[in-house]
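Here it is, the structure, as structure tokens.
The values are calculated or read from the model by the stated rules, or taken from the named source; none is laboratory data. Since the structure is predicted, the reported quantities are computational estimates derived from the model, not experimental observations. Cβ sites come from the backbone with ideal geometry, for glycine too, and all protein chains shown count toward neighbours.
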There are 2 protein chains.
Amino acid sequence: MTDLARFSINQMTVKQLALPELVDACRELGVPGVGLWREPVQAYGVEAAAKLVRDAGLTVTTLCRGGFLTAIDAGERAAALADNRRAVDEAATLGTDTLVLVSGGLPAGSKDLRGARERIADALAELGPYAEEHGVKLAIEPLHPMFASDRCVVSTLAQALDIAERFPAHQVGVTVDTYHIWWDDTAPVQIARAGAQGRIHTFQLADWITPLPEGVLNGRGQIGDGAVDMREWKRYVEAAGYTGAIEVELFNDALWARDGREVLAETAARFVEHAG
Amino acid sequence: MTDLARFSINQMTVKQLALPELVDACRELGVPGVGLWREPVQAYGVEAAAKLVRDAGLTVTTLCRGGFLTAIDAGERAAALADNRRAVDEAATLGTDTLVLVSGGLPAGSKDLRGARERIADALAELGPYAEEHGVKLAIEPLHPMFASDRCVVSTLAQALDIAERFPAHQVGVTVDTYHIWWDDTAPVQIARAGAQGRIHTFQLADWITPLPEGVLNGRGQIGDGAVDMREWKRYVEAAGYTGAIEVELFNDALWARDGREVLAETAARFVEHAG
């Protein structure tokens, strides 16, 4: 492994590792960055987690995740906004400048995608300034259209940018994740659009493999195992001016069943082979 | 049930019914149209099937399906073209003017979506004139992006039309199926584009429900059970000038486990309720 300078391991990829084990393994392998998740960080303690990664010299490239901003009910909306402010606070404490947003699906019984997308924009009008005050950028992540009803009504980079563009780029940008956009022939143009506006706030990799498992959430492929040409997408984001970290974020039951350090080492090697 | 005039039942929705049972049930319920599938028709005999539906006064709205035109290997390509010519012949024998095409996925080991899409266009340059000679129109069906690697590299109406537009509209058009495009905010504009060119060759309904089953193929929801606003999509195709049959095509293990006549009656009732 010769070039891990831009590699970041998303904590979910090796969720079987407790945070101190993950930090140890990163140090041992020369992995310079981590993308963290709120739940395991909260369980460890946000301040303690911040100290742990800081002392190890690790860069926290993102915090995953805020969002779920599509509720219609006033009480649910208020709770979601409050939770997202806490997520901003946690990101600031951890020393990352990027909070990834998964926007949320359709409320039960609703068929109104347009309305749900508008409610996300309404929420960002409140959250964007709050995030800016804390030095945190919000990164709307378009999720694959197979998640449009139950997880994220924002399915394409174009949709994400249509929302993000209503706000300053240092408040709201996008997450470019190969898993969600690899099928979309308009995505390269949208990456250029995002880059020209300074809105590529993070770049994540996962490969597309089939058959998809029941529920389709945990079927993301190890880099190199699937249909995605990682170097092609890396070229697109680089041509758009992105020079930041490249996170590998895999949700995969088979990877989670293995030894976490071994999976981390494999993932780093695959990164160098396919995206280095 | 007051208005089934435009309703067509796709054979796959009630595949538990043998063809004569399906024809009987359609007559009994006043269902005027059927979309047929090649495999059960071939098993019954194409000429015999044609006579059966003709004698019952049923309109065959489509034949499903040709396609799978993405192979690189010359022998595989020739076999696919020959099979698609047979599909055209079968469509003509059955008296339908529309052959639905599922384009095919990536060849094993390939990551080249663009190349695969070009091979589809190459194949249509041969199949389009052949279909025209037999009075059959080819209807490229964009499949949901979750099928992009293993079943259909054409994921959006825009992609389908980019290919179809290279040919005369009476040779090549598109299938508009709510299941595959409901998440796509650019689809209404693409429906208008297709309509203006006379390329909406069939309109199909299925609802989007979650969780998706393993393999994601057989999780299509009964009309009214999911996230899709059927009337909204019907308005789009009608505004684009489409006045033809509306097929309901569901792949659903739970529906297949039930009595086929009961499922057909339910589907007809749901059609009237949600799309009539």
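For region A:19-66, enumerate the residues that are in a loop (DSSP other than H, G, I, E, B), touching a Cys at 6+ places or on another chain (Cβ under 8 Å) and either free of Cβ contacts under 8 Å to residues at least 24 places away in the same chain or small (G, A, S) (or both).
A:A56
If the requirement is being more than 13 Å from chain B (Cβ to nearest Cβ), crowded, with 21+ Cβ neighbours inside 10 Å and either part of a loop (DSSP other than H, G, I, E, B) or modelled with pLDDT under 95 (or both), which of these qualifies: A:L99, A:L69?
Checking each option against the conditions leaves just A:L69.
Restricting to region A:177-203, what's the tally of residues that are in contact (Cβ under 8 Å) with a residue 24 or more places away in the chain and part of a helix (DSSP H, G or I)?
Of the residues in region A:177-203, 13 are in contact (Cβ under 8 Å) with a residue 24 or more places away in the chain and part of a helix (DSSP H, G or I).
Further question on the same structure: Can you name the residue in region A:250-271 that is in contact with a strand residue (DSSP E or B) (Cβ under 8 Å, 6 or more places away or on another chain) and not in a helix (DSSP H, G or I) and, of all such residues, is farthest from A:L217 (Cα to Cα)?
So the residue we want is A:L250.
Restricting the search to region A:197-225, which residues are within 14 Å of chain B (Cβ to nearest Cβ) and farther than 17 Å from A:N10 by Cβ?
The first filter runs over region A:197-225 and keeps only residues within 14 Å of chain B (Cβ to nearest Cβ), leaving A:205-221, A:223-225.
A:I209, A:T210, A:P211, A:L212, A:P213, A:E214, A:G215, A:V216, listed by residue number.
Per-residue answers, yes or no, for (1) closer than 30 Å to A:G115 by Cβ; (2) modelled with pLDDT of 95 or more; (3) within 14 Å of the chain's Cα centre (by Cα); (4) crowded, with 24+ Cβ neighbours inside 10 Å:
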{"site": "B:D150", "(1), (2), (3), (4)": "no, yes, no, no"}
{"site": "B:V153", "(1), (2), (3), (4)": "no, yes, no, yes"}
{"site": "B:T156", "(1), (2), (3), (4)": "yes, yes, no, yes"}
{"site": "B:A160", "(1), (2), (3), (4)": "yes, yes, yes, yes"}
{"site": "B:E165", "(1), (2), (3), (4)": "no, yes, no, no"}
{"site": "B:G173", "(1), (2), (3), (4)": "no, yes, yes, yes"}
{"site": "B:V176", "(1), (2), (3), (4)": "yes, yes, yes, yes"}
{"site": "B:W182", "(1), (2), (3), (4)": "yes, yes, no, yes"}
{"site": "B:V189", "(1), (2), (3), (4)": "yes, yes, no, no"}
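Please find, within region A:72-96, the residue that is nearest to A:A48 (Cα to Cα) out of those that are part of a loop (DSSP other than H, G, I, E, B) and out of contact with any Pro (no Cβ under 9 Å at 6 or more places or on another chain).
In this case the residue turns out to be A:G95.
Go through region A:1-21 and count every residue that is closer than 13 Å to A:T59 by Cα and surrounded by fewer than 18 Cβ atoms within 10 Å (Cβ to Cβ).
1
Oh, and also: Taking the residues in region B:226-235 that are of a type outside the set (A, V, I, L, M) and outside any loop (DSSP other than H, G, I, E, B) as candidates, determine which candidate is nearest to the other protein chains (Cβ to nearest Cβ).
B:E232
Go through region B:240-257 and report how many residues are surrounded by fewer than 21 Cβ atoms within 10 Å (Cβ to Cβ) and within 28 Å of A:G105 (Cβ to Cβ).
The number of residues fulfilling the criteria is 5.
Sticking with this one: For residues in region B:177-196 being among the charged types (D, E, K, R) and more than 10 Å from every other protein chain (Cβ to nearest Cβ), which is farthest from A:H144 (Cα to Cα)?
Only one residue tops the list, namely B:R193.
Collect the residues in region A:207-230 that are in contact with a helix residue (DSSP H, G or I) (Cβ under 6 Å, 6 or more places away or on another chain) and surrounded by fewer than 19 Cβ atoms within 10 Å (Cβ to Cβ), keeping them in residue-number order.
A:N218, A:G224
While we're looking at this one, here's another question. For region B:145-176, what are the residues that are within 14 Å of another protein chain (Cβ to nearest Cβ), in contact (Cβ under 8 Å) with a residue 40 or more places away in the chain and not in a helix (DSSP H, G or I)?
Selection gives B:A148, B:S149, B:D150, B:R151, B:C152, B:V153, B:V154.
So that you can scan it fast, the table gives a plain yes or no per residue for (1) surrounded by fewer than 24 Cβ atoms within 10 Å (Cβ to Cβ); (2) of a type outside the set (S, T, Y); (3) farther than 30 Å from A:L81 by Cα; (4) in contact (Cβ under 8 Å) with a residue 60 or more places away in the chain:
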| position | (1), (2), (3), (4) |
| --- | --- |
| A:G128 | yes, yes, no, no |
| A:L205 | no, yes, no, yes |
| A:E232 | yes, yes, yes, no |
| A:V237 | yes, yes, yes, yes |
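Answer with yes or no whether A:R114 is assigned to a helix (DSSP H, G or I) and either over 30 Å from A:G221 (Cβ atoms) or free of Cβ contacts under 8 Å to residues at least 24 places away in the same chain (or both).
Yes; evaluated as a whole, the condition is true for this residue.
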